[in-house]
Structure formats: structure tokens, C-alpha cells
Ligand SMILES: [Cu+2]
């Protein structure tokens, strides 16, 4: 890959999953990949004349005239054209936020157009046409969502968002230096050091909230599972909302632990927001992201929500939990004191279009993001653009993101804690006894990562290209794997879940299983065929179903697609379904003494699998946080099983031969 990763050659070899096979037939993917690359290239400038066909298409394509190639007979495209012709669409060179109702509606009009295209030609024609006429932020969002969900674009690899819209992933100092480089025509690597000063203890964990890979995971997750989704029902979407954010929350607490910080406290509507936040970041268009001072008291946000509305939503949800049922809008009840309850609650709290009663339960999560994002200018007195909390790309940088999610995570826990603990019968699996687990050394380090800032700069046909990159330190870990020794009675497919759970709190007090279980980090979940007798099974961290390698760099995707098109060869992009934490963030940062954790392997019957071929078929990629595109979530058990419910008596788990837990240490080495 073209991107340098100091000190991790082996890792980038693993990440370099792109292959170009010189097969003369079917250059289809190459053309589709090339079109997507070009549509997103230099997104803030008109299509460059070095792409003459695309430029021509943007002028000549007639969206209404091609309505016959739309599955909906052209409804979506005519609707969007009416808005365009009437001059109602958001201008170009303006900020875009998905949480802004009108802006979201416009972006979704384009999503609707693209997802209704019957073929690729209509897709790219419409995309080229609207690229030159719609707001850039709306356009990028629509392309990413449409490619993620379109049936004929599943094999296209979306370029890393941090290289398509770098403003949303870096800070103004880095971009200022990039401009200098362009103006002086001097190639540059702009080093990005976090700007939070050492006086601010949150600085110690800023590397996690600012991590571009983690932020990409967060944005992509919300594109795979949009809260506004009206298409076919997505299996366990509400539970996935809980689970993906729960894991972000516990991961952040683990980072704090190894940096000698207490866990995040939750957010309280009637107490000051303890940590302020200074983003040091500019929109490409629209000025600076607003800054919030420490200890800001919540204020109502004009046109969004009053604080008492927020409290009301919370108390209605807590009521539902206490009652054990939610109220539907027709007055009937849905019981939630069961495995399915978390799915209902997740949808209601977010809220998504799957919420059973949005007018009653509101949209606690989405509104809270907006309310927090607007605290610097709640009445619009200073015409400030949206805050970092109002974009999935930037939200986790603000410490209040984790306070908000801790607050919601505690609501989910309140529900889970009402459910009866698992019994021995729920946990038991007689066929397999785990006789031991050997884990390689677990060790983390920081490395420099380089990414391209070219897309952030204005350009035109007659301006010379200059290479400008950002250089950013990021967390990684040494490659590791583990060996599971087992004794099986008979051959069978089994379900394996692997967790890492911090053993002590930040005061060095040892946590018992009940105190620690909620902080468990899922390292992997997979299916494998065990053989009768005594055997070993080796699993490598890179195989994890919750983590993905780096996306190929934008320049690399461009090069591969262009070469394949030029030579007429087949383009094979084996990036898999790109949803999950970055592989390099699988382990929390360790420390010099070694962060002590429980390493747990839990094997249960293959009957937990929702599909019977999971041991041999990954169904298009990683499913831990993302499920299977268009299918059932692979693990039938609740997400987080068996640590999702109370464990009043740890012996119930420890006595199971199919459960194994031992202490490991995660070290951190400064290079
Ligand atoms: Cu989120």
C-alpha cells in the first residue's frame, strides 16, 4: 500500500488485501470502482477535466429522461428534480449535518434516487448530475450510504472518509500547513499532534477519541444502520445500536484505566457538563466548530429541544424498564423482560424508524447529540455552525460523547439487570471441555500513520498537484494469537466467544465477576468444527470478527481501478464487508506494568448460530458489530452473552468446563 506505516510492515502486509488479477474478462468492478473514486475525488471542486467522460455525463445526463430506469418509475428522481428546479436545495459550499432535518431530507432524496436505479449506468449518471448541483456534504453522505446498501455496488470499496473529507477528521493547524504547501507548491507532511494541552488530563486519552480509524468505524456503522432507514427491516438493529456503542464505551474506559484515569461518569441534565471541549477544527465551509467551556450548564436549544423534554424522554424510558413493557402508540404493550427487550429499547432510545412509539419515547440519543452540540450557541445568537457532537465523524473527540453514551449505557444496564441470571442449563455445553488457553504476549505501541490531505484543498484544472499528507500517531498492537486446548466428546460445530475484561478498577481494587462483567471487551466470536478427542485450535487476532484492516488508501484505490480499466483486466478488491473496529485497536492500550485483564474463552453449541455454514462462510465479512448484510445476525444469543446479565454467583460460570478464564497482562511499549 502506498501509505507508510512506520514499524508495522507485517501489519500493512496483512492490511494489503487488494489483488489485481490479470483476467481479461469482466472489468465491471474496475469501472464501478473507478466511477466511485472519481465522483468522490476533490469533492469540493467541480469534476476535473482530466475525467472528461464523467464531466460530460454531469452535463448531459437527464435524470427525468431516465426515469424509466428507476425501480420506482421515477418518483424519487422527479421529486429531487422538483426541489432542484425550484431552488430549494441547500447551496454548495455550506456545512452539512445529518441531524439537521431539512439537510438530512435532501441527502435522503438523493439516496432514494440512487437506490432506485435499476443499473449502474443510471446510478452513475444521476450521481454525476447531482454532484455538480447539490451540497457536497449531502452528496458524499448519499454516495456512501447508497454504495453501502445498493445490491450492485456491494463489491465496491469506499475510500477512507478521512481522505475524502479530511476536514472532519483532522484539525485546522494541520490543514493550514496543507494550504501553505499547496500555495508554495512544496510537498509536505503535516504532523498532527493533539492540541489538548497537558494541563488537561483528558489529553491522556485523546488519542482514542481522535483516532481516525475509530471515527471511521463510528460513521460507517451509522451508515450501515441509519436511524432514518425505511428499507427492509434490519435484524436486531436496536440491539446493535446498544452493542456497538456499549463496546465503544467500555473500550474508552479501558483506555482510561491504563492511563490512570477514573471511568467516565454519566451525563446529568441538571448538573454542569464537567469537561469543556475546544475542537481546534474548521469546517471546509462554515467557519469554526464551536468551543464549549468547562462546567457549562445545560440550556434549552431553540428549535431542537428543551432540557425538560430530555428528562421527560428519559423518565418515560425508565418507566418502561421498571414496568417491563413499552407502550405502543395504539395503547397495546410489548413485553421487554426477555431477550428481545434490548432490541426494542435500543430502537426507542436512539430513536430509529424501528421505534415502536417515537412520539412517546422521543429520540433521546439523537436529540442529546444535537443539544450537546449546540451548547456553545443554544439560541443561535452567534450563528455558529453545528458542534462536533452533531457529526458521527467528529463526535467521539468530545469527552461529552462518552458521558452521553455512559448515561445511555446505564439505562440499558438497568434493563439487563432486571432479567434473571443465566442458569447452569443456559450456559452448559457438555461436549467440550477447555483444558487451557495459551495467549501470546499482548503489547501495544504508537506508530505514525500517513494519510492524504489532497481532497481538503481547492483545486482547478490549471493548478499543479502537490502531495500533502497528515502524519498522525495512532495506537496499534503487536500481532498475537491464542491456542485453545480442548477435549471434545464428539465432532460438532461450536460457537466460541472471546472476551478481555479489566481485573482491577482505577484504585487497584480487584473486581469480582459481577462488578467487572459489564466492562468486557469482545475480542472475537466465531464458529469452528471441533474434533473428538484432545486437540488445539489456534486463532489469530487478524481473524477477529469484530475488527477490520485499514481501508486501502484513496490513491491506492484510484491506481488499482485505473490500471485495471486501462489494461482491461479484472479488479479484485477483497476488503470484505468493511464494518468493525480497526484491527489495530483490538486491544486497549496497556501500560508499563501490564494492564491485568481476564482472558475468557466461552464455547457453546453450534445451535447458537443463525446460519448453519458460519464455520466456513463469513457471509461477506465481519459481523460482530454489523451482522450480515440483508440476513439474520449470526449469533442467536443476546449480544454480550454471557456477561450481559447479572452474575450473582460466579461459580455457575466457573464450574462449566466449556468456560475458561485466566489472567493476562497488556503491556505498552514506547518505541
Ligand atoms: Cu453513534
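Quick note: the coordinates plus some simple rules give every number you see, no bench work behind them. Since we're looking at a predicted model, the values are computed, not measured. Here the Cβ positions follow ideal geometry from the backbone for every residue, glycine too, while neighbour counts run over all protein chains shown.
Using only Cα atoms, find the angle between the long axis of helix 136-149 and the longest principal axis of the chain, and express it within 0 to 90 degrees, rounded to the nearest 10. With rounding to tens, the tilt is 50 degrees. Per residue, the Cα convex hull of the stretch 253-365 amounts to 180 Å³. Against the main long axis of the alpha-carbon atoms of the chain, helix 399-416 sits at an angle near 50°.
The ranking of 31, 391, 44, 220 from fewest to most other beta carbons within 10 Å of each one's beta carbon is 31, 44, 220, 391.
At the listed q of 0.08, 0.12, 0.18 Å⁻¹, the Debye profile of the stretch 198-418, built from one uniform point per Cα, gives log10 I(q)/I(0) equal to -0.28, -0.65, -1.43. Estimated purely from DSSP H runs of n ≥ 4, each contributing -39500 (n - 2.57), the mean residue ellipticity at 222 nm for the chain is -10000 deg cm²/dmol once divided by its residues. Its residue count N sets the reference 2.2 N^0.38 Å, and the alpha-carbon radius of gyration of the chain equals 0.95 times that reference.
Here residue 532 and residue 379 are evaluated by their C-beta separation; at R0 = 51 Å the FRET efficiency comes out at 0.10. From the largest down, the stretch 41-154 spans 33, 32, 31 angstrom on the principal axes of its Cα atoms.
Exposure proxy ranking for 505, 524, 294, 644, based on other Cβ atoms within 10 angstrom of each Cβ and starting from the fewest, stands as 294, 505, 524, 644. Sorted fewest first by neighbouring Cβ atoms within 10 angstrom, 314, 266 come out as 266, 314. The angle between the Cα long axis of helix 101-115 and the longest principal axis of the Cα atoms of the chain comes to about 90 degrees, rounded to the nearest 10.
With Cα atoms defining each centre, the stretch 587-631 and the stretch 493-532 are spaced 11 Å apart in the structure. Computing FRET efficiency as 1/(1 + (r/R0)^6) for residue 271 and residue 428, where r is the C-beta to C-beta distance and R0 is 45 Å, gives about 0.50. Scaled to the globular estimate 2.2 N^0.38 Å, the Cα spread of the stretch 233-289, given as radius of gyration, is 1.60.
Fully extending the segment from residue 232 to residue 260 would add 5.6 nm, taking 0.36 nm per residue of separation and subtracting the current Cα-Cα distance. Restricting to bridges with both residues inside the chain, how much of the DSSP beta-bridge set is antiparallel, in percent to the nearest 5? Percentage antiparallel, nearest 5: 85. In angstrom, the C-alpha Rg and Dmax of the stretch 518-605 are 18.9, 55.
With Cα atoms defining each centre, the stretch 35-50 and the stretch 394-467 are spaced 32 Å apart in the structure.
The distance linking the stretch 136-212 with the stretch 274-336 is 26 Å (Cα centroid to Cα centroid, whole angstrom).
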